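J.: What follows is a structure written as structure tokens; I'll ask about it next.
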Amino acid sequence: MIGAASVAAATVSARAADKPAPAVASPPAAQTLGSDGAWTAYVSEDRSGKVCYLVGQPAKSLPASPHRQASAMVTHRPQENIANVVSFVEGVPLKNGSDVTLVIGKKDFKLFTKNDAAWAATPDLDKEIVTTLAKARDVVARGIPQRGPATSDTYSLAGFAKALALIDKACGVKR
């Protein structure tokens, strides 16, 4: 899960600087807290302290490609007072200035993009998205790549709430 740890570190650094940061070259070793459905919870340590995150894989990705590795994450960094950082990796370079749209039930959320990843613009939006994800059945992430057809990744949210509870407990995040 090297890629996930890299994205977790970059995601939270991006929020702190209000812009995306490059991926970490040598991510910390992660301990698996548990898995349910397509979601797995992890805890690791880096220079700033404990990092808790969950990673999910889409049930369906369009366009289908063995080279496009999409994923979704929620990250907590308690020593930095950061929680609920949402990120989606589309697995292909996204069009500059484009958004990734999350469709959760009847709600749409816009995430800003950099390279092949997308993040919520504010901590309040992160928290709203995480709360909505925990109550929903699925989420669709739609992106606009630099080249080729639009991406659409459908994630089953079965197991998301359990993985979220595991990282909340490990990092002391209260709901």
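J.: Among the candidates Ala163, Ala158, Ala118, which residue alone is touching a residue at least 40 places away in the same chain (Cβ under 8 Å), among the small types (Gly, Ala, Ser), touching a Leu at 6+ places or on another chain (Cβ under 7 Å) and under 16 Å from Gln57 (Cα atoms)?
T.: From the options Ala163, Ala158, Ala118, the qualifying one is Ala163.
J.: Counting only residues that are touching a residue at least 12 places away in the same chain (Cβ under 8 Å), over 20 Å from Val173 (Cβ atoms) and surrounded by fewer than 21 Cβ atoms within 10 Å (Cβ to Cβ), how many does region 40-64 have? Don't jump to the end; show me each part of the working.
T.: First pass over region 40-64, keeping only residues touching a residue at least 12 places away in the same chain (Cβ under 8 Å): 40-46, 48-63.
Still in the list and also over 20 Å from Val173 (Cβ atoms): 57-63.
Narrowing further to those that are surrounded by fewer than 21 Cβ atoms within 10 Å (Cβ to Cβ): 57, 59-63.
So the answer is 6.
J.: Being polar (S, T, N, Q), within 28 Å of Gly49 (Cα to Cα) and out of contact with any Phe, Trp or Tyr (no Cβ under 7 Å at 6 or more places or on another chain) narrows it down to one residue among Ser61, Ser71, Ser87; which is it? Break it down stepwise before answering.
T.: Numbers: Ser61 fails: within 28 Å of Gly49 (Cα to Cα); Ser87 fails: out of contact with any Phe, Trp or Tyr (no Cβ under 7 Å at 6 or more places or on another chain).
Testing whether each residue is polar (S, T, N, Q), within 28 Å of Gly49 (Cα to Cα) and out of contact with any Phe, Trp or Tyr (no Cβ under 7 Å at 6 or more places or on another chain) leaves just Ser71.
J.: Still on this structure, please answer the following. So is Ala10 at pLDDT below 95, among the hydrophobic types (A, V, I, L, M, F, W, C) and in a helix (DSSP H, G or I) or not?
T.: yes
The values are calculated or read from the model by the stated rules, or taken from the named source; none is laboratory data. All values derive from a computational prediction rather than experimental measurement. Every residue, glycine among them, receives a Cβ derived from its backbone with ideal geometry; neighbour counts consider all protein chains shown.
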